[in-house]
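Written below as structure tokens is the structure these notes are about.
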Amino acid sequence: MPVVTLTATLIRSAECPKGRSKVDYFDTKATGLLLEVRTSGRKTFYQRYIDRRGVERQYKIGTADVLTLEQARRKGRAVKAEAFLGPDPQLQRRELRASLTLAELVQSRYLPYVKEYKRSWKTDETILRLHILPALGRLYLDEVTPERIGDLVRTMRVKGYAVGTTNRVVILLRYVFNLARKWKIAGVNENPTGTLQLAPEAHRERFLTAEETRRLLLSIAADENRTAANSILLLLLTGARRNEITHAEWAHLDWRKRTLLVPRSKSGKARKITLNGQALALLKSIKRTKGNPYIFPSPDTKRPSPSLYHPWHRIRQRAGLPDLRLHDLRHSFASFLVNSGVSIYVVQDLLGHTQLKTTQRYAHLTGETLQDAAEVVSAVVDRAGELPAVWLRP
């Protein structure tokens, strides 16, 4: 254990004696600083220090082919100061080594956890896989900063993603990091989404006109993917949610009562979709796949389609309705009913809403319907007699 005054020349010429695996050269100018020289020729600076519990520890500073002697001495002094004034630098290093990347946290802890209770975990998995992990997954948790999340959101907006989609990215990351803090995961002291504000969302209501409905029906009829086209047509005829139709099973059909059972709806409860004549005729025209319980199985996977995105995109483009969303078919179903004079309470039941205010958001009244309603009052007054002349004076 030689004690020497380390110099650049000595460091270059230092060798490990024969018969030994390594030798340590302690510096006389910096207490605790040593140069480890191995038989392989590798030379590494270390700093020995006493932690707050009185235990001697050794901290690896770096290799001599990267650091200068002065840099090693400066870092050594900082290590001793940290050990005396603050957290143990060796403990900090172990914590950093134990830290997970965002991708590792998602795969090892988050997804297994939410699969146990969250019905929408597949949506989380999709957002993580398509948007979050490609941009942030390789980063350690303490490297995921508000600035990096903000950059991801801005990049998505430049690519044309809706505000609702970018907000869901922030909301999901907020939940992931809240759980990481609850689980006391190394490297997570603060939630990096804490200072980020969600962008205001403009609620967009889109309803089909009679002419648009005609074009859409023609496009559905012309589509080559008949399974997808039929499921989309049934969405329009029933006002059901996408998954309620794509996951529908033959065993849940009651031909006599003209209903389709949804064992577990969005509310978590079972509900029944009422089938009109055209919906029944459509279902009767579909050839059942032997041994497959689903009404609309994917031709490739034999399982329900996860999104219907590609056939729907093709259908709406062909119909000249590029801005029409699949969920707008549900809006239009409600609009058709309300404009035909059906009670809002009946519409609420048909849509499976638990609160009337949700149905009211879907219930779009056309100008013609409003005008006709206003004329009802005019007719009542007319039957009661002419208005006094003073009321009609301009």
Notebook entry, point to check: Which residues does a label at E205 reach in the range 306-340, if reach means a backbone N under 18 Å from a point 7 Å past the Cα toward the Cβ?
Noted result: 324-340
Item checked: Amide N of the range 144-175 lying under 17 Å from the label point, which is placed 7 angstrom from the Cα of T195 along Cα→Cβ -> 144-154, 174
Next item on the list: Would you work out which of G194, F207, V170 lies farthest towards the positive end of the dipole of the range 144-235, given +1 charges on the beta-carbon of Lys and Arg and -1 on that of Asp and Glu, about the Cα centre?
Entry: G194
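Give the order of F336, F45, F296 when sorted by the count of other beta carbons within 10 angstrom, beginning with the fewest.
In increasing order of surrounding Cβ atoms, one gets F336, F296, F45.
In the range 198-269, which chymotrypsin sites (Phe, Trp or Tyr not before Pro) are in a loop and have at most 16 other Cβ atoms within 10 Å, using DSSP for the loop call?
Within the range 198-269, the qualifying chymotrypsin sites (Phe, Trp or Tyr not before Pro) (loop, at most 16 other Cβ atoms within 10 Å) are W255.
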Item checked: Two-site label geometry, K159 and K284: point separation in nm, points 7 Å out along Cα→Cβ -> 4.7 nm
Next item on the list: Can you put D65, D328 in order of Cβ neighbours within 10 angstrom, beginning with the fewest?
Entry: D65, D328
Check: Using r as the Cβ-Cβ distance of E104 and T39, and R0 as 41 Å, what FRET efficiency do you calculate, to the nearest 0.05?
Finding: 0.70
Note to self: Which entries of K257/K284; K43/K80; K269/K357; K122/K182; K257/K302 have Cα-Cα distances beyond 25 Å here?
What the structure shows: K257/K302
Note to self: Out of all DSSP beta bridges in the chain, what portion is antiparallel? Express it as a percent rounded to 5.
What the structure shows: 95 percent
Notebook entry, point to check: Taking amide hydrogens as modeled 1.01 Å from N in the peptide plane, which residues meet the under 5 Å criterion relative to E249, leaving out close sequence neighbours?
Noted result: I295
Check: Listing V170, V3, V176 from the residue with the fewest other Cβ atoms within 10 Å to the one with the most, what is the order?
Finding: V3, V170, V176
Margin query: From Cα pairs below 8 angstrom and at least 6 apart in sequence, can you work out the relative contact order of the range 6-81, rounded to a whole percent?
Written below: 24 percent
Notebook entry, point to check: For Rg/Rh (Cα atoms, Kirkwood Rh), the choices are [x] 1.00; [y] 0.97; [z] 1.24; which was calculated from the structure?
Noted result: [z]
Next item on the list: Just tell me, in residue order, which DSSP H segments of the chain are both 20 angstrom or longer along the helix axis (alpha-carbon based) and at least -1.0 in mean Kyte-Doolittle hydropathy.
Entry: 69-85, 163-182, 367-384
Checklist line | Reachable aspartates and glutamates, given that their alpha-carbon falls under 15 Å from the alpha-carbon of K75 and they are not under 8 places away in the same chain | finding: D27, D88
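Using 0.36 nm per residue of separation minus the Cα-Cα distance, give me the extension gain between R138 and K269 in nm, one decimal.
Here the segment from R138 to K269 would lengthen by 43.2 nm.
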Check: Just from its helices, what would the mean residue ellipticity at 222 nm be for the chain, if runs of 4 or more DSSP H residues each count -39500 (n - 2.57) and the sum is divided by every residue, rounded to the nearest 500 deg cm²/dmol?
Finding: -13500 deg cm²/dmol
Notebook entry, point to check: Can you give the relative contact order of the chain as a percent, counting alpha carbon pairs under 8 Å and 6+ residues apart?
Noted result: 9 percent
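Readers should treat all values here as calculations from the given coordinates under stated rules, not as data from a laboratory. Keep in mind the model is a prediction, meaning the values are calculated, not measured. All Cβ positions, glycine included, derive from the backbone under ideal geometry; neighbour counts span all protein chains shown.
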